[in-house]
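See structure below.
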Amino acid sequence: MSKVNVAIVGATGAVGTKILEKLLERNFPSSSIKLLASKRSAGKEIEAGGQKFIVEETKPEAFEGVDIAFFSAGGSISEKLAEEAVKRGAVVVDNTSAFRMTEGIPLVVPEVNLDALREHKGIIANPNCSTIQMVAALEPIREKFGLKRIIVSTYQAVSGAGAEAIDELATQSNQLNERAEIEANLLPQAAGQKHYPIAFNAIPQIDAFDESGYTLEELKMMNETKKIFGMPELQVSATCVRLPVVTGHSESVYIELDRDDVSVADLHEVLRGAPGIVLEDDIHTQTYPMPLFAEGKDDVFVGRIRKDREQANGFHLWIVSDNLLKGAALNSVQIAESLVDLKTSIG
Ligand code: NAP
Ligand code: 3JM
């Protein structure tokens, strides 16, 4: 397969827009790119990389002749249309949570488990944004020293909740500046019973609650991490929090290794030079990752690495990445690039 026909479902959204940008920026070998969204956007013109694209409505017939279809329009759209795309010969790279935990569907972060791609039967799942940056940063450590346990707290940006959530933060910030009443219509969850302001706040709920008391976002991180690492026995617990940051998720991660003879310098050594990872860890120069500076960058940034003072095999890390890039669009495009390279069963 040399050149491929591509479709992006959800092309007008926060993630879809970045998928198109990344395809063009990385010279993805496409012979055509079809932009798909809801009926509301049909006919809309989008300009990117000096080219003009016209958005079409997402219908089963739109996938005729498509080789690779990126889906990022929500789980229900993927559930309804991904199989329709596969039926017409496309390989689907799905950005939603619809198929991530389905047995037989690979859940891929290329730096971690590229080989899983070979097993695909038409659909490949892209993990949750918070999962991707965490497993990408932990993989070099896991590979060298073994991993027993992860406890993570996230500090997630509003762009992870879509284009409307970015607008809501901007509107509320203006309302606060003007001493006007703050209107909250979307977060933590559009379909939820209550909405809270995100401006100057921290909301400890992302997605709906499960009976167990965890949120679905937390369960995604816990379950997806075990699947990607192929370690059902790994102990993982997550707390996911939304912050008034536009783009860039941050994570405070506590890990326990298989060994208790590892030093901070050892972790620095394995992370330095690891693919897609940038070590920013020097307290003497106040060097550590921050979301404002990760925005627009492809890498996962790691810093504030400390050995736990009581637990010999315990370490604390601070991991930051652009949630729309490595957390979503870039990882999807890297999956598609690997598909082309591996010349798997498409085209
Ligand atoms: P967004 O900014 O709200 O965009 C939603 C996109 O879906 C828009 O293009 C929208 O088109 C389209 N859409 C809505 N209803 C549709 C329909 N009935 N048929 C076809 N397209 C429809 O959201 P986002 O942040 O880009 O996220 C989109 C999805 O990607 C999320 O729901 C989530 O499942 C997934 N996501 C994944 C990751 C990740 O993998 N790490 C991260 C964030 C999001 P219109 O403009 O026409 O409404
Ligand atoms: C990130 O409406 C939906 O199905 C989308 C919910 C959503 C997801 C998801 O569950 O697919 C919003 C933002 C994600 C994600 O990546 O898991």
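The values are calculated or read from the model by the stated rules, or taken from the named source; none is laboratory data. Remember, it's a predicted structure, so these values are computed and weren't measured experimentally. Counting neighbours? That spans all protein chains shown, and the Cβs are built from the backbone with ideal geometry, glycine included.
Looking only at residues in the stretch 330-344 that are away from ligand 2 (no atom under 12 Å from the Cβ) and closer than 16 Å to Asp94 by Cα, the one that is nearest to the chain's Cα centre (by Cα) is Leu330.
For residues in the stretch 79-107 being within 17 Å of Ala14 (Cα to Cα) and in contact (Cβ under 8 Å) with a residue 60 or more places away in the chain, which is farthest from the chain's Cα centre (by Cα)? Even if it seems obvious, please write down each step before you answer.
Here is the first cut: in the stretch 79-107, the ones within 17 Å of Ala14 (Cα to Cα) are 93-97.
Pick out the ones that are also in contact (Cβ under 8 Å) with a residue 60 or more places away in the chain and you get 93, 95, 97.
On the way: Val93: 13, Asn95: 8, Ser97: 11 Å.
Filtering the stretch 79-107 for residues that are within 17 Å of Ala14 (Cα to Cα) and in contact (Cβ under 8 Å) with a residue 60 or more places away in the chain, the one farthest from the chain's Cα centre (by Cα) comes out as Val93.
Looking at Ala69, Ala73, which is the one that is part of a loop (DSSP other than H, G, I, E, B), of a type in the set (A, V, I, L, M) and under 22 Å from Ile123 (Cβ atoms)? Going through Ala69, Ala73 in turn, just one is part of a loop (DSSP other than H, G, I, E, B), of a type in the set (A, V, I, L, M) and under 22 Å from Ile123 (Cβ atoms): Ala73.
Lys121 meets all of the listed conditions (1) within 11 Å of ligand 1 (Cβ to nearest atom); (2) out of contact with any strand residue (DSSP E or B) (no Cβ under 7 Å at 6 or more places or on another chain) but one, namely (1). Can you confirm whether the stretch 46-56 contains a residue that is more than 13 Å from ligand 1 (Cβ to nearest atom), polar (S, T, N, Q) and over 23 Å from the mean Cα position of the chain (by Cα)? Within the stretch 46-56 (the criterion being more than 13 Å from ligand 1 (Cβ to nearest atom), polar (S, T, N, Q) and over 23 Å from the mean Cα position of the chain (by Cα)), the answer is yes, since at least one residue qualifies.
In the stretch 243-255, the count of residues that are surrounded by 20 or more Cβ atoms within 10 Å (Cβ to Cβ), more than 16 Å from ligand 2 (Cβ to nearest atom) and aliphatic (A, V, I, L, M) is one or more. Among the residues of the stretch 1-34, those identified as part of a strand (DSSP E or B) and more than 9 Å from ligand 1 (Cβ to nearest atom) are Val4, Asn5, Val6, Ala7, Ser30, Ser31, Ser32, Ile33, Lys34.
Condition test on Val4, is it of a type in the set (Val, Ile, Thr), more than 16 Å from ligand 2 (Cβ to nearest atom), touching a Lys or Arg at 6+ places or on another chain (Cβ under 6 Å) and modelled with pLDDT of 95 or more? Against the criterion (of a type in the set (Val, Ile, Thr), more than 16 Å from ligand 2 (Cβ to nearest atom), touching a Lys or Arg at 6+ places or on another chain (Cβ under 6 Å) and modelled with pLDDT of 95 or more), Val4 does not qualify.
For residues that are assigned to a helix (DSSP H, G or I) and over 17 Å from the mean Cα position of the chain (by Cα), scanning just the stretch 114-142, find the one that is farthest from Arg88 (Cα to Cα). Walk me through how you get there before you give the answer.
Just the residues of the stretch 114-142 that are assigned to a helix (DSSP H, G or I), to begin with: 114-119, 129-142.
From what's left, over 17 Å from the mean Cα position of the chain (by Cα): 115-119, 140-142.
Values: Asp115: 25, Ala116: 23, Leu117: 20, Arg118: 20, Glu119: 19, Pro140: 38, Ile141: 41, Arg142: 39 Å.
Filtering the stretch 114-142 for residues that are assigned to a helix (DSSP H, G or I) and over 17 Å from the mean Cα position of the chain (by Cα), the one farthest from Arg88 (Cα to Cα) comes out as Ile141.
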